[in-house]
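What follows is a single structure, written as structure tokens, with notes after it.
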Ligand SMILES: C[S@@+](CC[C@H](N)C(=O)[O-])C[C@H]1O[C@@H](n2cnc3c(N)ncnc32)[C@H](O)[C@@H]1O
């Protein structure tokens, strides 16, 4: 049975930028990132933690061009790939068609207001989408994820998990990003300056640190919350919607 979509629940129009990025213009650049060995390993980590089963009904939040959706679809009943960018979803759809995956539904929607019926998914996944949402939007998206999950359903989110702080891990992550860009020469230096400007204007991506992830999930009454730090700035959280409401 496919996930029930309920278009009447849509409250935030799709496409409204949440991080200043116009994702419709970034399909090609993103395909390069998503095709990199690092992102391949992150997707593998999500799939491993998700332990997909043949009867899973999956929602992929911020699915982009389909890194997780395409990995999961052959192993589950159905995947709804949610994204606010029409162009990203069009590319995802093309990949799904070429791979002859008949169980993928692209859904143009905002993560903060999912047009999906309550308790219809058994697994919600996401990769590198949440840091494009501010803290309040992350909380809304997590509440939506919990609402669409059936009792006992699993949540697996991989994202940047750090913050601009002086803590040792955060400092090391920021220094390695700056070094990587600086090695690219003038173009990299321009990126550093542009990123610094965006941070000052408050238009930077907004990754949450591990402790905030744990708090957001506990506050939304997810159970069995586990967090693992992965390579570079990445982290993965796994949680469940409890069988019974607290
Ligand atoms: C960095 S890409 C990650 C794509 C994919 N998950 C992957 O790992 O390749 C982030 C995606 O999140 C989507 N996104 C950002 N904010 C969103 C929002 N508020 N609602 C829905 N999608 C959003 C963007 O359109 C983009 O496709």
Full-stretch length increase - residue 211, residue 113 - with 0.36 nm per residue and alpha-carbon distance subtracted = 32.8 nm
Any chance you could run the full-extension gain for residue 182 through residue 223? It's 0.36 nm times the residue separation minus the Cα-Cα distance, nm to one decimal.
-> 10.5 nm
Take peptides 94-104, 125-135 and line them up by average Cβ neighbours within 10 Å, highest first, as a rough protection proxy.
-> 125-135, 94-104
The stretch 43-183: Rg to Rh, with Rh as the Kirkwood radius over Cα pairs | 1.01
According to the square roots a ≥ b ≥ c of the eigenvalues of the Cα gyration tensor, what is the shape class of the stretch 124-184, taking rounded for a/c under 1.5, prolate for a/b larger than b/c otherwise, and oblate for the remainder?
-> prolate
Can you sort 76, 237, 157 by how many other beta carbons sit within 10 Å, fewest first?
-> 76, 237, 157
Ascending count of other beta-carbon atoms within 10 Å, so fewest first, for 177, 138 | 177, 138
Fewest-first ordering of 60, 159, 25 by Cβ atoms within 10 Å yields 25, 159, 60
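Read-outs: derived from the displayed coordinates by stated rules, not from any lab. Here the structure is a predicted model, which is why all the values come from computation and not from measurement. Cβ: placed from backbone, ideal geometry, glycine included. Neighbour counts: every protein chain shown.
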